[in-house]
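Below you'll find the structure I mean.
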Amino acid sequence: MLARPGLPVPASAPEGADRYLPTVVGSAATVAPTPAPEGMAWIPGGEFSMGSSDPRRELCGGNEPMEDARPIHRVSVGGFWMDRTEVTNAEFARFVAATGYVTFAEKVPRPEDYPGAAPEMLVAGSIVFDQPREPVPLGNALRWWRYVPGANWRHPTGPASNLIGRDREPVVHIAYADAEAYAAWSGKRLPTEAEWEFAARGGLTGQRYTWGTDLTVEGKWLANIWQGAFPHQNDAGDGFVGIAPVASFPANAYGLFDMSGNLWEWCSDWYRPDAYALAVKAAGGGVVRDPRGVAQSESYDPTEPGLAKRVQRSGSFLCTDQYCTRYMVGTRGKGAPDTGSNHAGFRCVQDVAKR
């Protein structure tokens, strides 16, 4: 991890991109309703500065400007409950046992959904990280990802794997519709991107990480991310080569675990790189209140035009300042709704009105 002193903010960075105003929590919202739902933490709601400044000048700031996380802008959200941890294998198994639900990865792809695909590729499965044995160029993610027939939530790395001893690990290979189905069954929903970030910040103002300013504290790793040379060498300095059981690292100030690293988490917003600018414009330059994101028809990813995507947050155990620093709390990710992998999962929220 190298410092990058003197690196200027790109000319495209909005004026004031480095400014954060204090997080304000409403006095009435600080009192949690009772009784508390099992396994959930009360997020009091309030007003905060959402987004990320360019991190590249900072120690371990990576090489991405994070332009889609600007402008930093004021957002207000109401209070809600949030799962303290990512949904685990044990919890998802109870859902499947009760409903007979079949996940996207367990279904054979339909030819009409994938025109031009070879018939031998139209088999049920999912995307799995395949660690190279030697250094590879970082410009092509296909060098460390592969589609594995038979990989799904029951078989995380392929048909020969299983969930024995993994009850407390977060469930993976979950497409957006799978997460949404679980949330509906449990009387919950998926968080908006703004709710997710407000909760992840835990009341802190403008900090780079969910715990503060430094990636490590007294030499200790506080999130499950990649240490070593990505993608071929993982030093496991944080104690884990792959997924960590939930709550393996300290919670943030709101009692939430793994809001940085471990797994990417689905949010309900459709992704668009200029979503923040559009929201600020719609709010007349003032506070954006309880944003829900753009419409599906407006979703756009310049790296894959024509493919609507949902927002993902948190980063994963595969994130590193060499390739992906999106475990930083204000940064954004995205994913195709019909695609799961072994580094993406979810957690749910619940409105007070649902109690």
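Among (1) in contact (Cβ under 8 Å) with a residue 60 or more places away in the chain; (2) among the basic types (Lys, Arg); (3) under 30 Å from Thr157 (Cα atoms), where does Lys220 come up short?
That leaves (1) as the condition not met.
Could you tell me whether any residue of the stretch 229-238 is surrounded by fewer than 24 Cβ atoms within 10 Å (Cβ to Cβ), touching a helix residue (DSSP H, G or I) at 6+ places or on another chain (Cβ under 8 Å) and either assigned to a loop (DSSP other than H, G, I, E, B) or of a type in the set (Phe, Trp, Tyr) (or both)?
Yes: one or more hits.
Now for a separate question. Would you point out which residue out of Gly165, Gly158, Gly139, Gly187 is touching a residue at least 12 places away in the same chain (Cβ under 8 Å), surrounded by fewer than 16 Cβ atoms within 10 Å (Cβ to Cβ), assigned to a loop (DSSP other than H, G, I, E, B) and not aliphatic (A, V, I, L, M)?
Gly187
When you scan the stretch 171-183, how many residues do you find that are touching a Pro at 6+ places or on another chain (Cβ under 8 Å), buried (at least 18 other Cβ atoms within 10 Å of the Cβ) and of a type outside the set (Ser, Thr, Tyr)?
3
Turning to a different aspect of this structure: Look at the stretch 103-134 and say how many of its residues are surrounded by 13 or more Cβ atoms within 10 Å (Cβ to Cβ) and part of a loop (DSSP other than H, G, I, E, B).
6
While we're looking at this one, here's another question. Please report, ordered by residue number, the strands (runs of 3 or more DSSP E) entirely within the stretch 34-87 with at least 1 residues that are over 20 Å from the mean Cα position of the chain (by Cα).
Answer list for the stretch 34-87: 46-50, 73-77.
In the stretch 90-102, what count of residues is obtained for those that are exposed (fewer than 11 other Cβ atoms within 10 Å of the Cβ) and assigned to a loop (DSSP other than H, G, I, E, B)?
Final tally of qualifying residues: 1.
So in the stretch 35-77, with the set limited to residues that are farther than 14 Å from Glu193 by Cα and of a type in the set (S, T, N, Q), which one is modelled with the lowest pLDDT?
Taking the candidates together, the pick is Asn63.
The values are calculated or read from the model by the stated rules, or taken from the named source; none is laboratory data. The structure displayed is predicted, hence computed values, not measured ones. Every residue, glycine as well, gets a Cβ built from its backbone with ideal geometry; the counts of neighbours run over all protein chains shown.
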